Number of protein chains: 2
Amino acid sequence: MGVTIYDIAREANVGIGTVSRALNNHPKIAAKTKNRILEISRRLSYQPHAYAQGLAKRKTNTIALIMPFFTNYFFVEVLQGIQDKISDLGYDIMLYGVNQTNQVEEYLKRALQKGKVDGILFFSMKLPDGFDAKLKEIQLPTILVDTYHPDFDSITVQNEEGAYVATRYLVKLGYKKIGMINASLDSEPARMRYNGYRRALDEAKLPFSERYFRISKHSKADGFNREAGYQAMAEIIDKNREDLPEAFFISSDIQAIGALNAMKDRKLTAPEDIAILGFDDIELAKHIGLTTMRQPMYQMGVLAVEKLFHRIQNNEFPPSHTTFSPTLIVRETCGTEKKQPKS
Amino acid sequence: MGVTIYDIAREANVGIGTVSRALNNHPKIAAKTKNRILEISRRLSYQPHAYAQGLAKRKTNTIALIMPFFTNYFFVEVLQGIQDKISDLGYDIMLYGVNQTNQVEEYLKRALQKGKVDGILFFSMKLPDGFDAKLKEIQLPTILVDTYHPDFDSITVQNEEGAYVATRYLVKLGYKKIGMINASLDSEPARMRYNGYRRALDEAKLPFSERYFRISKHSKADGFNREAGYQAMAEIIDKNREDLPEAFFISSDIQAIGALNAMKDRKLTAPEDIAILGFDDIELAKHIGLTTMRQPMYQMGVLAVEKLFHRIQNNEFPPSHTTFSPTLIVRETCGTEKKQPKS
DNA sequence: AAGGTTATTGGAAAGGCTTCCACAATATTG
DNA sequence: CAATATTGTGGAAGCCTTTCCAATAACCTT
């Protein structure tokens, strides 16, 4: 069917080894044989067979991306960073979009299949039990993004710190009754954000009230979804009509959008009635004027690829961990201050 | 390094052919040999080598997705449909996200590489010259989504019709000065939407005015991006202060969001000052109350995968073309009517 | 018990490439 | 010009499977 190196070898009156050398510009080959072969292979529009090459070289030039998928805008942006960087390097991306948590193991197993990919980028989810050992055993380079394990390279955001900064900002603006709408505590980032929130509250000697705290019911995306935000806010408002909180720290922008929606349906606005502070700085936050904590998503994608390549080339160094600090982006939903951090 | 069928064969005292048969539950094998082999292969935690298998079977169980990538939310949703469907079928996805138009050919060439994928899903872009012939020559099953070529299966949306319905709706609401903000005319959908808009205008005997028409300057995503929408609207408003249009049909929701932003910055609101009608019904349209034309994105993804599988199994039938009609989703940005189509 | 089936099995060949080893051809040196 | 070093080349072996063909073993028949 397709043209093989044997066809080229016959055409050029050389051995297949020579053809291979010409094609891979190996040093030990005479310039003119090489050119002749190249010319012929162009004429026959030869294409190496990807799998045959992969099998012989023990290298796939492909990496796997395992990421929560839903409509979580966080990932679209990280994905762009990854795509841009990886194209340059001539690699391909095998995408495993996780829609339900039970798919994680399934996808990991597939990606681990011998000879399928050269490395894995694993996102925002806890590495399922047992896979840490397995990954180390088969020595498949793996980078964790937005999640952590001591034995693997990782890139994370200071979630606890970010939540702390966010909440402290609300305190500084003078709010006393500060609630939080959180995603599911199954999610590590959600737990950390909760901790930061509590720390800021404690430090300011403000009371924590269960009445102003909700965890997502909608389990989609671990609770990082709009419906969950809507429902949590609706519930809090409806149950506390006579004594509303003044401000909310919400664990993601997408939930904040839902929460704002719930407020709007109840004729409440931010920041006049309730101040809202999100997390992520997704692209649409700018549009709706949401004050939020920004994560450098694109850069995280780029860095993830860089780390992975490092490790693909040489896996003999200890894990490195990079953390980014989220930055406060002041817009309108908390009321504004005089001195604004750069937006 | 890894366990191979030779290891299993030795362990089980059988030939490699027998091992292979056991693993692929081939009929011609004695039940107990099969069980013994299966048991051993489990014990050694054998994993077939993906590439060796692919090479021998001439089948990769992988398909390529070539799609515009940017932050175009349209694709996130189509992607979900694809991912869900394809996982069930045990296939993997090779993702090629196009950020700049010049990457298209590069990616196509890669995906066409012999033995790399079993089929291609090609999205929303014109198939570059010459590739139609090449695809047919190598007989790689290909489905076009949101774009068209007579010789390939395709799934499209009636863009012309959608734009016509949209514009006619604005006419029916009584608007006379109806502008349009369009994406780049390099894009086929953009051209069709323009045609539909003009047809509705002509039919209503309303004049078309260059003053109320803009094409995206920002070339990112062929002009389907927020900045382009913002800029176009800003320009129109600023140049026509004394004689603003009453309504706009805008070629995508994401541009509409930008346009609304530009209005907001100029203290104009929809629908009070200017009515806005978008296209796509991305998830966030609901949140901001944008009246728009809905494309059944998730279903398009699912159908695309189904068509592709059909063709992977048997490529011997003529191309089939499916088109979906977009439906009008009435929300708030055009003013509301009594009788609302289902939202 | 001999002959004829049928059910299993072993393993070579094929899939298309890279790489290594041995040999041939050419160039260099004294 | 012979001896030696250098360059270039052919092709077998290896990467790991699947698949096909031939061979063996087990089972029936009469």
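The values are calculated or read from the model by the stated rules, or taken from the named source; none is laboratory data. All values reported here derive from a predicted model rather than from experimental measurement. Glycine also receives a Cβ, built like all others from the backbone with ideal geometry; neighbour counts cover every protein chain displayed. These accessible areas exclude ligands, DNA and RNA; they are computed on the full protein's heavy atoms, side chains included. Shrake-Rupley method; radii C 1.70, N 1.55, O 1.52, S 1.80 Å.
Can you tell me which residue is farthest from DNA strand D (Cβ to nearest atom) among those in segment B:11-64 that are closer than 17 Å to A:G115 by Cβ and among the β-branched types (V, I, T)?
Residue satisfying both the conditions and the ranking: B:T62.
Can you give me the number of residues within segment B:4-30 that are under 47 Å from the mean Cα position of the chain (by Cα), over 25 Å from A:L55 (Cα atoms) and among the hydrophobic types (A, V, I, L, M, F, W, C)?
Residues meeting the conditions: 1.
Only residues that are free of Cβ contacts under 8 Å to residues at least 40 places away in the same chain and touching a His at 6+ places or on another chain (Cβ under 6 Å): list them for segment A:214-260, please.
Result: A:E227, A:I257.
Give me the pairs: first residue in segment A:287-304 and polar (S, T, N, Q), second residue part of a helix (DSSP H, G or I) and modelled with pLDDT of 90 or more, beta-carbon distance under 6 Å, and six or more apart or on different chains, which are they?
Filtered contacts from segment A:287-304: A:T292/A:D253.
A:G81 versus (1) touching a strand residue (DSSP E or B) at 6+ places or on another chain (Cβ under 7 Å); (2) small (G, A, S); (3) open to solvent by less than 20 Å² (accessible area, probe 1.4 Å); (4) more than 8 Å from every other protein chain (Cβ to nearest Cβ): which is the lone unmet condition?
Against the list (1) touching a strand residue (DSSP E or B) at 6+ places or on another chain (Cβ under 7 Å); (2) small (G, A, S); (3) open to solvent by less than 20 Å² (accessible area, probe 1.4 Å); (4) more than 8 Å from every other protein chain (Cβ to nearest Cβ), A:G81 comes up short only on (1).
Inside segment B:258-343, counting only strands (runs of 3 or more DSSP E) that do not spill past its ends, which hold 1 or more residues that are over 26 Å from B:N225 (Cα atoms)?
B:321-324
I need a count of the residues in segment B:129-148 that are open to solvent by 20 Å² or more (accessible area, probe 1.4 Å), touching a helix residue (DSSP H, G or I) at 6+ places or on another chain (Cβ under 9 Å) and more than 14 Å from chain A (Cβ to nearest Cβ).
Counting residues in segment B:129-148 that are open to solvent by 20 Å² or more (accessible area, probe 1.4 Å), touching a helix residue (DSSP H, G or I) at 6+ places or on another chain (Cβ under 9 Å) and more than 14 Å from chain A (Cβ to nearest Cβ) gives 1.
Any idea which residue in segment A:2-18 is surrounded by the most Cβ atoms within 10 Å (Cβ to Cβ), counting only those that are within 7 Å of DNA strand C (Cβ to nearest atom) and either at positive phi or in a helix (DSSP H, G or I) (or both)?
A:I5
Take the residues of segment B:19-33 that are among the basic types (K, R) and near DNA strand C (Cβ under 7 Å from one of its atoms): which is modelled with the highest pLDDT?
B:R21
Looking at A:D151, is it out of contact with any helix residue (DSSP H, G or I) (no Cβ under 8 Å at 6 or more places or on another chain) and open to solvent by 40 Å² or more (accessible area, probe 1.4 Å)?
Considered against the rule, which asks whether it is out of contact with any helix residue (DSSP H, G or I) (no Cβ under 8 Å at 6 or more places or on another chain) and open to solvent by 40 Å² or more (accessible area, probe 1.4 Å), A:D151 comes out as no.
For A:I82, are the conditions met, namely being among the hydrophobic types (A, V, I, L, M, F, W, C) and within 16 Å of DNA strand C (Cβ to nearest atom)?
For A:I82, the condition - among the hydrophobic types (A, V, I, L, M, F, W, C) and within 16 Å of DNA strand C (Cβ to nearest atom) - is not met.
Identify, please: which residue in segment B:19-60 is of a type in the set (S, T, N, Q) and facing chain A (nearest Cβ under 10 Å) and is, among those, least open to solvent (accessible area, probe 1.4 Å)?
B:T60
Just to verify a result, which residue in segment A:203-238, among those that are over 14 Å from A:M180 (Cα atoms) and modelled with pLDDT of 95 or more, is most open to solvent (accessible area, probe 1.4 Å)?
The residue in question is A:K205.
Within the bounds of segment B:85-93, is there any residue that is within 22 Å of A:I120 (Cα to Cα), polar (S, T, N, Q) and open to solvent by less than 40 Å² (accessible area, probe 1.4 Å)?
Yes - at least one qualifying residue is present in segment B:85-93.
Check B:V165, B:V78, B:V145, B:V98 and return the single one that is in the same structural domain as B:D281 (by TED's automatic domain parsing) and under 23 Å from B:Q255 (Cα atoms).
Exactly one of B:V165, B:V78, B:V145, B:V98 is in the same structural domain as B:D281 (by TED's automatic domain parsing) and under 23 Å from B:Q255 (Cα atoms), namely B:V165.
Looking at the structure I just gave you, is A:Q158 in contact with a Ser or Thr (Cβ under 8 Å, 6 or more places away or on another chain) and free of Cβ contacts under 8 Å to residues at least 12 places away in the same chain?
no
Got a sec? Which of A:T291, A:T333 is in the same structural domain as A:E188 (by TED's automatic domain parsing) and either touching a Leu at 6+ places or on another chain (Cβ under 6 Å) or at pLDDT 90 or above (or both)?
A:T291
Being within 11 Å of chain A (Cβ to nearest Cβ), under 20 Å from A:V117 (Cα atoms) and touching a residue at least 60 places away in the same chain (Cβ under 8 Å) is the filter here; which residues of segment B:84-126 pass it?
B:I86, B:G115 - these are the residues of segment B:84-126 that are within 11 Å of chain A (Cβ to nearest Cβ), under 20 Å from A:V117 (Cα atoms) and touching a residue at least 60 places away in the same chain (Cβ under 8 Å).
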